[in-house]
Amino acid sequence: MKRRHLLVAGFGTLAAPAIVRAQAKYPDRPIRLVIPFAPAGPTDIIGRKAAEKMTGIMGQTWVVDNKAGAAGSIGAVEVKNAKPDGYTVLLATSSTHAINPTAYAKPLYDAVKDFTPISSICVNPAVLAARTDMPDTVTGLVELMKKNPGKYSYGSSGTGGIFHLTGEYFKRAVGGMDVEHIPYKGSAPALNDMMSGQLAWMFDTFATMLPLHRAGKIRILGYAYSVRAPIAPEIPTMIEAGVKGYEAYTFNLILGPANMPKNIVDSLDQASRKLMADPDMVKFLNDVAAAPTPDTTPERTAKFITDEIAKWAPVIKDAGIRVE
(Lines give C-alpha, C1' and ligand atoms only; values in the text may rest on other atoms or scores of the structure.)
Protein backbone atom coordinates (compact mmCIF):
# COMPACT_ATOMS: atom_id res chain seq x y z
CA MET A 1 0.00 0.00 0.00
CA LYS A 2 2.82 2.32 0.88
CA ARG A 3 4.52 1.50 -2.40
CA ARG A 4 1.30 2.31 -4.28
CA HIS A 5 1.14 5.76 -2.65
CA LEU A 6 4.73 6.39 -3.65
CA LEU A 7 4.02 5.38 -7.25
CA VAL A 8 1.00 7.70 -7.41
CA ALA A 9 2.96 10.56 -5.88
CA GLY A 10 5.80 9.94 -8.29
CA PHE A 11 3.45 9.89 -11.27
CA GLY A 12 1.98 13.23 -10.18
CA THR A 13 5.45 14.73 -9.85
CA LEU A 14 6.42 13.58 -13.33
CA ALA A 15 3.10 14.53 -14.93
CA ALA A 16 3.00 18.16 -13.81
CA PRO A 17 5.99 19.34 -15.89
CA ALA A 18 4.67 17.40 -18.88
CA ILE A 19 1.30 19.15 -18.60
CA VAL A 20 3.03 22.53 -18.27
CA ARG A 21 5.12 21.77 -21.35
CA ALA A 22 2.02 20.77 -23.32
CA GLN A 23 0.18 23.90 -22.32
CA ALA A 24 3.18 26.11 -23.12
CA LYS A 25 3.78 24.64 -26.58
CA TYR A 26 2.11 27.16 -28.83
CA PRO A 27 1.77 27.01 -31.75
CA ASP A 28 1.92 23.29 -32.50
CA ARG A 29 -0.13 23.40 -35.71
CA PRO A 30 -0.90 25.89 -38.53
CA ILE A 31 -2.52 29.24 -37.73
CA ARG A 32 -5.35 30.48 -39.95
CA LEU A 33 -5.29 34.16 -40.89
CA VAL A 34 -8.76 35.19 -42.04
CA ILE A 35 -8.63 38.04 -44.55
CA PRO A 36 -12.13 39.53 -44.85
CA PHE A 37 -11.71 40.61 -48.48
CA ALA A 38 -11.09 38.96 -51.83
CA PRO A 39 -7.63 37.89 -53.04
CA ALA A 40 -5.28 40.30 -54.82
CA GLY A 41 -6.55 43.50 -53.17
CA PRO A 42 -4.41 45.72 -50.89
CA THR A 43 -5.55 43.98 -47.69
CA ASP A 44 -4.82 40.55 -49.16
CA ILE A 45 -1.37 41.57 -50.42
CA ILE A 46 -0.32 42.90 -47.01
CA GLY A 47 -1.90 39.96 -45.19
CA ARG A 48 -0.07 37.38 -47.31
CA LYS A 49 3.27 39.07 -46.73
CA ALA A 50 2.61 39.16 -42.98
CA ALA A 51 1.58 35.49 -43.01
CA GLU A 52 4.77 34.53 -44.83
CA LYS A 53 6.89 36.39 -42.28
CA MET A 54 4.98 35.10 -39.24
CA THR A 55 5.43 31.54 -40.53
CA GLY A 56 9.18 31.98 -40.30
CA ILE A 57 9.06 33.76 -36.95
CA MET A 58 6.74 31.29 -35.19
CA GLY A 59 7.87 28.07 -36.84
CA GLN A 60 4.34 27.12 -37.89
CA THR A 61 2.58 27.83 -41.16
CA TRP A 62 0.20 30.77 -41.30
CA VAL A 63 -2.54 29.83 -43.76
CA VAL A 64 -4.43 32.66 -45.49
CA ASP A 65 -8.19 32.16 -45.72
CA ASN A 66 -10.12 34.80 -47.70
CA LYS A 67 -13.67 35.25 -46.40
CA ALA A 68 -15.08 38.20 -48.33
CA GLY A 69 -18.51 39.77 -48.08
CA ALA A 70 -20.62 42.41 -46.31
CA ALA A 71 -17.78 44.96 -46.16
CA GLY A 72 -15.61 42.54 -44.22
CA SER A 73 -18.30 41.43 -41.78
CA ILE A 74 -18.37 37.82 -43.01
CA GLY A 75 -14.70 37.31 -42.17
CA ALA A 76 -15.00 39.17 -38.88
CA VAL A 77 -17.88 36.93 -37.77
CA GLU A 78 -15.85 33.86 -38.78
CA VAL A 79 -13.16 34.86 -36.29
CA LYS A 80 -15.61 36.05 -33.64
CA ASN A 81 -17.14 32.55 -33.59
CA ALA A 82 -13.82 30.68 -33.65
CA LYS A 83 -12.34 28.91 -30.64
CA PRO A 84 -10.09 31.40 -28.77
CA ASP A 85 -7.06 29.13 -28.89
CA GLY A 86 -4.80 31.28 -31.08
CA TYR A 87 -5.25 29.19 -34.21
CA THR A 88 -7.71 31.53 -35.95
CA VAL A 89 -6.99 35.26 -36.20
CA LEU A 90 -8.35 38.15 -38.25
CA LEU A 91 -6.64 40.74 -40.40
CA ALA A 92 -8.96 43.56 -39.35
CA THR A 93 -9.46 46.71 -41.41
CA SER A 94 -11.09 50.11 -41.22
CA SER A 95 -14.25 48.56 -42.66
CA THR A 96 -14.51 45.83 -40.03
CA HIS A 97 -13.38 47.84 -37.01
CA ALA A 98 -14.02 51.53 -37.69
CA ILE A 99 -16.92 51.88 -40.13
CA ASN A 100 -19.22 48.84 -39.80
CA PRO A 101 -19.81 49.27 -36.04
CA THR A 102 -21.61 52.57 -36.73
CA ALA A 103 -22.76 52.19 -40.34
CA TYR A 104 -24.69 48.96 -39.80
CA ALA A 105 -28.12 49.31 -38.19
CA LYS A 106 -27.66 45.83 -36.71
CA PRO A 107 -23.94 45.00 -36.63
CA LEU A 108 -23.11 41.31 -36.80
CA TYR A 109 -20.55 41.67 -34.03
CA ASP A 110 -19.27 44.03 -31.36
CA ALA A 111 -15.96 45.38 -32.69
CA VAL A 112 -14.55 45.75 -29.18
CA LYS A 113 -16.11 43.05 -26.99
CA ASP A 114 -16.00 40.20 -29.51
CA PHE A 115 -12.27 40.36 -30.24
CA THR A 116 -8.88 40.15 -28.55
CA PRO A 117 -6.49 42.88 -29.76
CA ILE A 118 -3.05 41.53 -30.66
CA SER A 119 -1.11 43.88 -32.91
CA SER A 120 -1.11 46.54 -35.59
CA ILE A 121 0.75 46.05 -38.86
CA CYS A 122 0.23 49.32 -40.69
CA VAL A 123 -2.03 52.15 -41.72
CA ASN A 124 -2.66 53.03 -45.35
CA PRO A 125 -3.07 56.80 -45.52
CA ALA A 126 -5.38 58.34 -48.10
CA VAL A 127 -4.24 61.04 -50.49
CA LEU A 128 -6.23 63.97 -51.82
CA ALA A 129 -5.92 64.35 -55.59
CA ALA A 130 -7.50 66.82 -57.98
CA ARG A 131 -7.74 67.14 -61.72
CA THR A 132 -4.96 69.18 -63.25
CA ASP A 133 -6.99 72.35 -63.91
CA MET A 134 -7.82 72.68 -60.19
CA PRO A 135 -5.69 74.77 -57.78
CA ASP A 136 -2.38 73.10 -56.93
CA THR A 137 -2.73 73.45 -53.14
CA VAL A 138 -5.25 72.18 -50.62
CA THR A 139 -6.04 75.68 -49.38
CA GLY A 140 -6.53 76.86 -52.96
CA LEU A 141 -8.90 73.97 -53.66
CA VAL A 142 -10.92 74.71 -50.52
CA GLU A 143 -11.18 78.41 -51.41
CA LEU A 144 -12.46 77.54 -54.89
CA MET A 145 -15.07 75.12 -53.52
CA LYS A 146 -16.32 77.66 -50.99
CA LYS A 147 -16.55 80.44 -53.56
CA ASN A 148 -18.63 78.21 -55.84
CA PRO A 149 -21.15 76.34 -53.67
CA GLY A 150 -22.89 73.48 -55.47
CA LYS A 151 -20.81 73.85 -58.65
CA TYR A 152 -18.32 71.06 -58.11
CA SER A 153 -18.47 67.39 -57.11
CA TYR A 154 -16.09 64.84 -55.70
CA GLY A 155 -16.03 61.09 -56.22
CA SER A 156 -15.26 57.92 -54.30
CA SER A 157 -15.09 54.18 -54.83
CA GLY A 158 -18.49 53.71 -53.19
CA THR A 159 -21.04 55.05 -50.72
CA GLY A 160 -20.09 54.36 -47.12
CA GLY A 161 -16.55 53.29 -47.97
CA ILE A 162 -13.50 54.80 -46.34
CA PHE A 163 -12.84 57.19 -49.24
CA HIS A 164 -16.39 58.52 -49.18
CA LEU A 165 -16.02 59.11 -45.45
CA THR A 166 -12.58 60.62 -45.94
CA GLY A 167 -14.15 63.17 -48.29
CA GLU A 168 -16.91 63.97 -45.80
CA TYR A 169 -14.35 64.23 -43.02
CA PHE A 170 -12.37 66.66 -45.17
CA LYS A 171 -15.45 68.84 -45.71
CA ARG A 172 -16.04 68.92 -41.93
CA ALA A 173 -12.38 69.67 -41.20
CA VAL A 174 -12.37 72.81 -43.38
CA GLY A 175 -15.59 74.19 -41.92
CA GLY A 176 -17.99 72.80 -44.51
CA MET A 177 -18.19 72.88 -48.30
CA ASP A 178 -21.18 72.52 -50.61
CA VAL A 179 -19.69 69.78 -52.82
CA GLU A 180 -21.76 66.84 -54.04
CA HIS A 181 -20.50 63.30 -53.53
CA ILE A 182 -20.69 61.00 -56.58
CA PRO A 183 -20.25 57.30 -55.70
CA TYR A 184 -18.74 54.82 -58.15
CA LYS A 185 -18.29 51.07 -58.25
CA GLY A 186 -14.58 51.18 -57.62
CA SER A 187 -11.73 53.67 -57.89
CA ALA A 188 -10.97 53.26 -61.62
CA PRO A 189 -14.22 54.75 -62.99
CA ALA A 190 -14.04 57.61 -60.50
CA LEU A 191 -10.48 58.40 -61.52
CA ASN A 192 -11.44 58.28 -65.20
CA ASP A 193 -14.22 60.78 -64.62
CA MET A 194 -11.93 63.05 -62.61
CA MET A 195 -9.33 63.03 -65.37
CA SER A 196 -12.02 63.75 -67.97
CA GLY A 197 -13.25 66.76 -65.99
CA GLN A 198 -16.47 65.46 -64.44
CA LEU A 199 -15.13 65.43 -60.85
CA ALA A 200 -13.03 68.07 -59.14
CA TRP A 201 -11.25 65.89 -56.58
CA MET A 202 -11.27 62.62 -54.69
CA PHE A 203 -9.45 60.63 -52.04
CA ASP A 204 -7.92 57.21 -52.64
CA THR A 205 -4.77 55.21 -51.89
CA PHE A 206 -1.28 56.46 -52.62
CA ALA A 207 -0.59 53.29 -54.60
CA THR A 208 -3.53 54.09 -56.92
CA MET A 209 -2.86 57.80 -57.28
CA LEU A 210 0.94 58.10 -57.40
CA PRO A 211 1.56 56.68 -60.92
CA LEU A 212 -1.10 59.01 -62.37
CA HIS A 213 0.33 61.95 -60.42
CA ARG A 214 3.83 61.28 -61.73
CA ALA A 215 2.46 60.91 -65.26
CA GLY A 216 0.88 64.37 -64.97
CA LYS A 217 -2.68 63.08 -65.35
CA ILE A 218 -3.81 64.17 -61.88
CA ARG A 219 -2.26 66.19 -59.08
CA ILE A 220 -1.84 64.90 -55.50
CA LEU A 221 -2.31 67.80 -53.11
CA GLY A 222 -1.89 66.16 -49.71
CA TYR A 223 -1.08 62.98 -47.83
CA ALA A 224 -3.49 62.28 -44.96
CA TYR A 225 -0.97 61.26 -42.32
CA SER A 226 1.15 62.89 -39.63
CA VAL A 227 4.46 62.48 -41.51
CA ARG A 228 5.35 62.45 -45.21
CA ALA A 229 5.56 59.19 -47.12
CA PRO A 230 9.07 57.85 -47.85
CA ILE A 231 7.85 56.81 -51.30
CA ALA A 232 7.05 60.44 -52.20
CA PRO A 233 8.58 62.83 -49.65
CA GLU A 234 7.94 65.85 -51.87
CA ILE A 235 4.19 65.65 -51.22
CA PRO A 236 3.07 67.53 -48.09
CA THR A 237 0.86 66.07 -45.42
CA MET A 238 -2.69 67.39 -45.19
CA ILE A 239 -1.70 69.03 -41.91
CA GLU A 240 1.23 70.81 -43.55
CA ALA A 241 -1.12 71.78 -46.39
CA GLY A 242 -3.35 73.65 -43.95
CA VAL A 243 -5.95 71.19 -42.65
CA LYS A 244 -5.35 71.08 -38.91
CA GLY A 245 -5.13 67.59 -37.38
CA TYR A 246 -6.32 65.86 -40.55
CA GLU A 247 -5.41 62.17 -40.78
CA ALA A 248 -7.41 59.54 -42.63
CA TYR A 249 -6.41 56.01 -43.48
CA THR A 250 -7.37 52.39 -43.75
CA PHE A 251 -5.51 50.01 -41.45
CA ASN A 252 -4.49 46.40 -40.90
CA LEU A 253 -4.60 44.86 -37.41
CA ILE A 254 -4.28 41.31 -36.11
CA LEU A 255 -7.11 40.34 -33.76
CA GLY A 256 -8.32 37.08 -32.28
CA PRO A 257 -11.65 35.97 -30.83
CA ALA A 258 -12.58 37.30 -27.39
CA ASN A 259 -11.15 35.65 -24.27
CA MET A 260 -7.87 34.38 -25.67
CA PRO A 261 -5.47 33.13 -22.95
CA LYS A 262 -2.80 35.62 -21.97
CA ASN A 263 0.10 33.29 -22.76
CA ILE A 264 -1.12 32.91 -26.34
CA VAL A 265 -1.67 36.64 -26.75
CA ASP A 266 1.85 37.19 -25.39
CA SER A 267 3.29 34.74 -27.94
CA LEU A 268 1.53 36.47 -30.81
CA ASP A 269 2.51 39.88 -29.45
CA GLN A 270 6.19 38.93 -29.33
CA ALA A 271 6.03 37.46 -32.83
CA SER A 272 4.32 40.63 -34.09
CA ARG A 273 7.06 42.79 -32.61
CA LYS A 274 9.64 40.74 -34.49
CA LEU A 275 7.55 41.08 -37.64
CA MET A 276 7.48 44.86 -37.37
CA ALA A 277 11.22 44.99 -36.61
CA ASP A 278 12.01 43.05 -39.80
CA PRO A 279 13.64 45.48 -42.29
CA ASP A 280 12.25 43.51 -45.23
CA MET A 281 8.69 43.81 -43.89
CA VAL A 282 9.12 47.53 -43.25
CA LYS A 283 10.51 48.08 -46.75
CA PHE A 284 7.67 46.08 -48.27
CA LEU A 285 5.09 48.24 -46.49
CA ASN A 286 6.82 51.47 -47.49
CA ASP A 287 7.01 50.27 -51.10
CA VAL A 288 3.24 49.73 -51.22
CA ALA A 289 2.72 53.19 -49.68
CA ALA A 290 1.64 51.87 -46.27
CA ALA A 291 2.95 53.30 -43.01
CA PRO A 292 4.33 50.56 -40.68
CA THR A 293 3.39 50.65 -36.98
CA PRO A 294 6.53 49.39 -35.23
CA ASP A 295 5.40 50.29 -31.69
CA THR A 296 2.59 47.73 -31.75
CA THR A 297 1.22 46.18 -28.54
CA PRO A 298 -2.14 44.64 -27.62
CA GLU A 299 -2.93 47.64 -25.44
CA ARG A 300 -2.17 50.17 -28.16
CA THR A 301 -4.14 48.12 -30.66
CA ALA A 302 -7.17 48.16 -28.36
CA LYS A 303 -6.97 51.94 -27.92
CA PHE A 304 -6.49 52.42 -31.65
CA ILE A 305 -9.76 50.59 -32.37
CA THR A 306 -11.81 52.60 -29.89
CA ASP A 307 -10.26 55.85 -31.13
CA GLU A 308 -11.05 55.03 -34.77
CA ILE A 309 -14.66 54.12 -34.00
CA ALA A 310 -15.09 57.40 -32.09
CA LYS A 311 -13.44 59.36 -34.92
CA TRP A 312 -15.62 58.03 -37.72
CA ALA A 313 -18.96 57.69 -35.92
CA PRO A 314 -20.00 61.36 -36.26
CA VAL A 315 -18.83 61.46 -39.88
CA ILE A 316 -20.91 58.38 -40.71
CA LYS A 317 -23.98 59.76 -38.95
CA ASP A 318 -23.71 63.20 -40.55
CA ALA A 319 -23.35 61.60 -43.98
CA GLY A 320 -26.59 59.68 -43.35
CA ILE A 321 -24.97 56.29 -43.95
CA ARG A 322 -27.05 53.41 -42.62
CA VAL A 323 -26.80 49.80 -43.76
CA GLU A 324 -29.96 47.87 -42.86
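The values are calculated or read from the model by the stated rules, or taken from the named source; none is laboratory data. In this text, all values refer to a predicted model and were calculated from it rather than measured experimentally. In this analysis, Cβ positions are derived from the backbone assuming ideal geometry, glycine residues included, and neighbour counts consider all displayed protein chains. Note: accessible area is taken over every heavy atom of the protein model, side chains too, but ligands, DNA and RNA are not part of it. Shrake-Rupley method; radii C 1.70, N 1.55, O 1.52, S 1.80 Å.
Taking Cα atoms only, the orientation of helix 262-276 departs from the longest principal axis of the chain by about 50 degrees.
Taking label positions 7 Å along the Cα-Cβ direction at both Asp28 and Ser153, the computed distance is 6.1 nm, reported to one decimal.
Per residue of the chain, what 222 nm ellipticity follows from adding -39500 (n - 2.57) for every DSSP H run with n ≥ 4, rounded to the nearest 500? Dividing the helical sum by the residues of the chain leaves -13500 deg cm²/dmol. By accessible area, using a 1.4 Å probe on protein heavy atoms only, the stretch 101-202 has 50% of its surface on carbon and sulfur. Can you list residues whose amide H is under 5 Å from Gly222's amide H, if they're 5+ apart or on another chain and H is modeled 1.01 Å from N? Correct list: Leu128. With contacts taken as Cα pairs under 8 Å and at least 6 residues apart, the stretch 170-244 reaches a relative contact order of 20 percent. Neighbours of Val112, meaning other residues whose beta-carbon lies under 12 angstrom from its beta-carbon, give a summed charge of -1 when Lys and Arg score +1 and Asp and Glu score -1.
Each other residue within a Cβ distance under 10 Å of Trp201 adds +1 if Lys or Arg and -1 if Asp or Glu, for a net charge of +2.
Under 5 Å between amide hydrogens, built in the peptide plane, is the criterion, and for Ser156 it picks out Ile182, Tyr184 among residues at least 5 positions away or on other chains. Considered as an equivalent ellipsoid built on the Cα gyration tensor, the stretch 165-224 has semi-axes of 19, 14, 11 Å, the largest given first. At full extension, Val112 and Arg273 could sit 55.8 nm farther apart than now, given 0.36 nm per residue minus the alpha carbon distance. Computed over all pairs of different Cα atoms, the Kirkwood value for the hydrodynamic radius of the chain is 21.2 Å. Residue farthest toward the positive end of the dipole of the chain, with Cβ of Lys/Arg at +1 and Asp/Glu at -1: which of Ser153, Ala71, Asn192? Projecting each Cα onto the dipole axis, the largest value belongs to Ala71.
With θ taken as phi - 60° and the Karplus curve 6.51 cos²θ - 1.76 cosθ + 1.60 applied, the whole-hertz 3J(HN,Hα) list for the stretch 134-142 is 7, x, 9, 9, 5, 5, x, 5, 4 Hz, x standing for glycine and proline. Residues whose amide H lies under 5 Å from that of Ile31, counting only those 5 or more places away or on a different chain, are Thr61, Trp62, Val63; hydrogens are built 1.01 Å from N in the peptide plane. In this view, the solvent-accessible surface of Thr137, computed with a 1.4 Å probe and all protein chains in place, comes to about 60 Å².
For the stretch 176-324, the solvent-accessible area works out to 46 Å² per residue, with a probe of 1.4 Å and every protein chain left in place. For the chain, the share of DSSP beta bridges that are antiparallel, to the nearest 5, is 60%.
Need one value: the accessible area of Asp193 in square angstrom, 1.4 angstrom probe, rounded to the nearest 10. Rounded to the nearest 10, that gives 30 Å².
Averaged per residue, what accessible area in Å² does the stretch 95-143 show with a 1.4 Å probe, protein chains only?
Result: 33 Å² of accessible area for each residue.
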